[in-house]
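A short worksheet on the structure shown next.
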Amino acid sequence: MPSSLKREILCYIRLVGGNLLTGLQCFSTGYTDKHTTTQSKEEFLADLIHIDKRCEAYGIPIPETFGYPADCRGPEALEVLTEKGYRFARRGIGPEFPFHPEGGRGPIYDPNVHHPLVIPSTGVPGPNYGFEDLVWAVEQAKDGKIAVLTFHGVPALEHPWVDVSPELFKTYMDYLRDTGCTVIALRDLAKYVDASETIGKSITYW
């Protein structure tokens, strides 16, 4: 990780209202958005292939990054993602931090420790997540460690437990800008992290 990047922030947001916000990335959670732990390897692979075909039909780059629905993941999912050529995958805050359905704090991502297909979320904004939590996440981003922020929807009216209002989201983004954070998408990690270095890296299942 280049020492010149004092604070590295990964942000995620799903596609809402047809608008893709610059600097953020929409990533695949599979076609059916099912918990990967309830699917066979064949079903999960079929989900990913379906997403590939839909992206090709609309001229969208084929995903190389993944977000585990409901943070559910097992060894079979990692095998499929590896075989499919995915480089990075984002998980939630557990098991290191207690799960809260309406958002919360999580561990800082350390590329020297965490497997690239099991990248933890440092913050999951929702009703249980406030501005002070975002500040805390940013403060953890030092010494080559990366704060990963997972926004599920701005707004997420059909899923109020992960809803973030546009006004609050702007406050968060203004803070990242004003504090000089470098905000990148998950795919851009390849500029700083070698996804092929997986031996001995931490893998947790949920």
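The values are calculated or read from the model by the stated rules, or taken from the named source; none is laboratory data. Bear in mind that the values here come from a model prediction, so they are computed numbers and not experimental data. A quick note on method: Cβ atoms are made from the backbone with ideal geometry, for glycine too, and the neighbour counts reach across all protein chains shown.
Being basic (Lys, Arg) and surrounded by fewer than 20 Cβ atoms within 10 Å (Cβ to Cβ) is the filter; apply it to region 44-76 and report the residue that is modelled with the lowest pLDDT. Lay out the reasoning, then the answer.
Let us first name the residues in region 44-76 that are basic (Lys, Arg), namely 53-54, 73.
If we keep only those that are surrounded by fewer than 20 Cβ atoms within 10 Å (Cβ to Cβ) too, we end up with 53-54.
Working: 53: 90, 54: 87.
In this case the residue turns out to be 54.
Looking only at region 162-172, decide whether some residue is in contact with a helix residue (DSSP H, G or I) (Cβ under 6 Å, 6 or more places away or on another chain) and farther than 30 Å from residue 38 by Cα. Walk me through how you get there before you give the answer.
Taking region 162-172 as the starting set, the residues that turn out to be in contact with a helix residue (DSSP H, G or I) (Cβ under 6 Å, 6 or more places away or on another chain) are 172.
Going one step further and asking which of them are farther than 30 Å from residue 38 by Cα, we end up with 172.
The answer is yes; a qualifying residue exists.
Scan region 164-206 for residues that are assigned to a helix (DSSP H, G or I) and either β-branched (Val, Ile, Thr) or surrounded by 13 or more Cβ atoms within 10 Å (Cβ to Cβ) (or both) and jot them down.
168, 169, 171, 172, 173, 175, 176, 186, 187, 188, 189, 190
Sort out which residues of region 31-51 are under 19 Å from the mean Cα position of the chain (by Cα) and of a type in the set (D, E, K, R), and write them in order of number.
Applying the first criterion (under 19 Å from the mean Cα position of the chain (by Cα)) to region 31-51 yields 31-37, 44, 47-48, 51.
Result: 33, 34, 47.
Could you list, in sequence order, all residues of region 157-191 that are of a type in the set (A, V, I, L, M) and either farther than 23 Å from residue 119 by Cα or in contact with a Lys or Arg (Cβ under 7 Å, 6 or more places away or on another chain) (or both)?
157, 168, 186, 190, listed by residue number.
Which of the numbered conditions does residue 127 fail, given that it passes all the others? Conditions: (1) modelled with pLDDT of 95 or more; (2) over 24 Å from residue 44 (Cβ atoms); (3) not acidic (Asp, Glu).
Here residue 127 meets the rest and fails (1).
In region 77-104, which residue that is surrounded by fewer than 20 Cβ atoms within 10 Å (Cβ to Cβ) and touching a Gly at 6+ places or on another chain (Cβ under 9 Å) is farthest from residue 159 (Cα to Cα)?
Filtering region 77-104 for residues that are surrounded by fewer than 20 Cβ atoms within 10 Å (Cβ to Cβ) and touching a Gly at 6+ places or on another chain (Cβ under 9 Å), the one farthest from residue 159 (Cα to Cα) comes out as 96.
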